[in-house]
Amino acid sequence: MERKRINEIVRPSAKPSTSRAIFQITNTVIPYLAILVIMYYMLINSVNYLFVLPVSVVGALFLVRIFILFHDCTHSSFVKSKLAMNIFGHIFGVLVFTSFNKWKNDHISHHQSVGNIDKRGTGDVWTMTVDEYQGSSFIKKLGYRLFRNPITLFIIGPTYIFLIKERLPINIKTKKEWFSFIVTNVSILAIILTVTFTIGFRYYLLIQLPIIVIAASLGVWLFFVQHQYEDVYWEESNNWNITEAALKGSSVYKLPAVLNWFTGSIGYHNIHHLNPRVPNYNLRKLFKRNKVFQESKQFKIFQSFQLAKLFLYDKANKKLISHRNYKKRYR
């Protein structure tokens, strides 16, 4: 289908609703804060921490949903007012430990380059081609294999990104990015100090740490599944097409209804890349109404676990391959 026709289909849904946004804030942020309180009361009443941790999983799911609201703010698709979008974006950014304007600019770069094999490196998962890997030193190969290990990719890496990297002034280029960086980190520090001098730093760690670690891992996994699958679209700059990149380079993650709610329907990622101005609360309806969007690659939750094995991009066959397949084909 031509881009013009797709735009005609998508454009009516690319309108934010302030009432829907307020409803989402109410049913997301308030329950998240309530879970923090519940965990605190469980701890002060000497409930075994093994029973507290499952509650943190629910808290992490709500934090993932808050990140989706944050994500919509970066695309100016959450509410009608730009000022409100900026304010909510920074508030959500504090909750998800991420600087609003810095992440916004990096993520826009991702949208402008997804599926372009010549522009890898901004807002995506480090992926080497077979030729690049074969031409690399032993140390670089070892580093790459360690990076693509699921433990690094989905546990260590996300924890580092949200807890450490986002606290450091790395590649900050504009005054707006500096503003977000300072506001976010000062706010997080203020929260930590307030909690430390009231209920104690130990409680902050026992409550917040498992939530952010689990939420970060889930978030990175979602991002990985949306753009890392065997026959994903990748083309060189001269052949790259933004519509093809959206429909063939962004998957549809068919999650159970509860998980789809917690992830803000971001699994309908092909539509999101066709037009990021479509709010999360319109994605599912748009997908259901139009068969053209249903032709994109779809994964159910158990099918998606196999994607963690993918390792290198084979340009000759235009496929992502596992390390086992690499050894079979190229050794």
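Counting every other Cβ atom within 10 Å of each residue's Cβ, 191, 117 order from fewest to most as 191, 117. Label separation (residue 46 vs residue 194): 3.1 nm, computed from points 7 Å beyond Cα along the C-beta direction. For segment 88-101, putting each phi into the Karplus relation 6.51 cos²θ - 1.76 cosθ + 1.60 with θ = phi - 60° gives couplings of 4, x, 6, 5, 4, x, 5, 5, 9, 6, 9, 6, 4, 5 Hz, in residue order, rounded to whole numbers and with x for Gly and Pro. Using only side-chain charges placed at the Cβ, +1 for Lys and Arg and -1 for Asp and Glu, the dipole size of the chain relative to its Cα centre rounds to 560 debye.
Listed by chain and number, the aspartates and glutamates placed with their C-alpha closer than 15 angstrom to that of residue 309 are 230, 231; residues fewer than eight positions away on the same chain are left out. Taking θ as phi - 60° and the Karplus parameters 6.51, -1.76 and 1.60, the scalar couplings of segment 257-266 work out to 3, 5, 5, 5, 5, 5, 9, x, 6, 5 Hz in sequence order, x denoting glycine and proline. Less than 10 Å Cβ to Cβ from residue 232, Lys/Arg counted +1 and Asp/Glu -1: what total charge do the surrounding residues give? Overall, the nearby charge balance is +2.
Ranked for footprinting exposure by Cβ neighbours inside 10 Å, fewest first, 153, 312, 193 give 193, 153, 312. With a threshold of 32 Å on the Cα-Cα distance, the over-threshold entries among 4/318; 176/285; 104/254 are 176/285.
Ranked by how many other Cβ atoms sit within 10 Å of their own Cβ, fewest first, the residues 230, 166, 244 fall in the order 244, 230, 166.
Angle, helix 138-148 long axis vs. longest principal axis of the chain, Cα atoms, 0 to 90°, nearest 10? The helix 138-148 is inclined about 60 degrees to the chain. Helix 49-74 and the longest principal axis of the Cα set of the chain meet at an angle near 60°. The HN-Hα couplings worked out from phi for segment 284-300 by the Karplus form 6.51 cos²θ - 1.76 cosθ + 1.60 (θ = phi - 60°) are 5, 4, 5, 5, 5, 7, 10, 5, 4, 6, 7, 7, 5, 4, 10, 10, 9 Hz, whole numbers, x standing for Gly and Pro. Which of the pairs 297/327; 119/297; 15/102 have their Cα atoms more than 31 Å apart in this structure? With Cα atoms farther than 31 Å apart: none of 297/327; 119/297; 15/102.
For the pair segment 127-149 / segment 195-225, the C-alpha centres are spaced 31 Å from each other. What trypsin sites (Lys or Arg not before Pro) in segment 170-205 are in a loop by DSSP, with at most 14 other Cβ atoms within 10 Å of the Cβ? Taking segment 170-205 and a limit of 14 other Cβ atoms within 10 Å, the loop trypsin sites (Lys or Arg not before Pro) found are 173. Ranked by the mean number of other Cβ atoms within 10 Å of their residues, highest first, the peptides 223-229, 29-35, 255-261, 95-101 come out as 95-101, 223-229, 29-35, 255-261. Using the Cβ of residue 263 as centre and a radius below 13 Å, the other residues enclosed give a net charge of +2, where K and R count +1 and D and E count -1.
Where a number appears in this text, it was derived from the coordinates with a stated rule and is not lab data. Keep in mind that this is a model prediction, so the values were computed, not measured. Here Cβ is always computed from backbone atoms with ideal geometry, including for glycine, and neighbour counts include all displayed protein chains.
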